[in-house]
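Please read the structure below before turning to the comments.
Derivation of every value follows stated rules applied to the coordinates shown; laboratory data play no part. What you see is a predicted model, and the numbers here were worked out from it, not measured in a lab. Cβ sites come from the backbone with ideal geometry, for glycine too, and all protein chains shown count toward neighbours.
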Amino acid sequence: MVVSTVGDARVPGPLPRILKDYTKAAIRTQPRDLLAWSAAYFKAMSLGTVPPVKDRLEFPVPESSNGLTPGVLRVLHRQLNGEENVSWDKLQEVCEGMGVPESTVKEIWRRAGGNDDTNEMSWEALLPHAAKDASHSLVEALQMVMTAMTDDHVTQRVPVTVVLDHYKILYHDDNIQASDTYDDARAYLADIATYQDSYLTPSDLTRPSCPPLE
């Protein structure tokens, strides 16, 4: 369908809607690099893949020296979670579209166990390290993992087994061996989940009765 305009100019019928959707997505996402984000957005739209668009506007936009925020992390999760493994090139591509510097991507890759000879890794291994680079504590990082993964926008609940798996990764990133505190925290969270249909919410990690997680 083509909409005729003045003179010989011809505007494709879907163009106004495309531009309107693009503008709304840009306002909601507030990309750090509009050009890189726009290229990633239209590429995703042309391929029918998940676009680099936040669920909602982060306001005020969280301060971040490396471009990683809870909203950005959730976008990356939606884009990469469906793949069995994530290649270095793919990770770098989606992070570039969301304004995450290559130096940060390399650090996430390295801390997840990757090196120059590693061609691909699971997103499950990369996610907690990305969250850690975007946070100031283990608890905050684990909460960011949960908000990135959840399908429940109200309670933000996540299966307890998933939470404990990511807790283990984050804890052992700084500690070689598990301590009694770590064991107590895992037991506490597992017990709380038995009263919540085997789910945990981010607020469970900061209950007054919860043992220190780190």
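Data for the structure
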quantity	calculated
About the Cα centre, charge dipole magnitude for the chain (Lys/Arg +1, Asp/Glu -1 at Cβ), debye	1100
Residues T49, T150, sorted so that the one with the fewest Cβ neighbours within 10 Å comes first	T49, T150
Dimensionless Rg/Rh of segment 87-164 - Kirkwood Rh, Rg from C-alpha atoms	0.99
Ordering of 113-125, 136-148, 164-176 by packing [mean C-beta count within 10 Å, highest first]	136-148, 164-176, 113-125
Between segment 33-84 and segment 139-190, the alpha-carbon center distance in angstrom	24
Out-of-range pairs (alpha-carbon distance over 24 Å; input K24/K90; K54/K168; K20/K132; K43/K132; K90/K168; K20/K54)	K24/K90; K54/K168; K20/K132; K43/K132; K90/K168
Residues with amide H under 5 Å from that of Y199, placed H, sequence gap 5 or more	V160
Globularity ratio of segment 8-89, using Cα Rg and 2.2 N^0.38 Å	1.24
Distance between modelled label sites at K106 and L47, nm, 7 Å Cα→Cβ extension	2.4
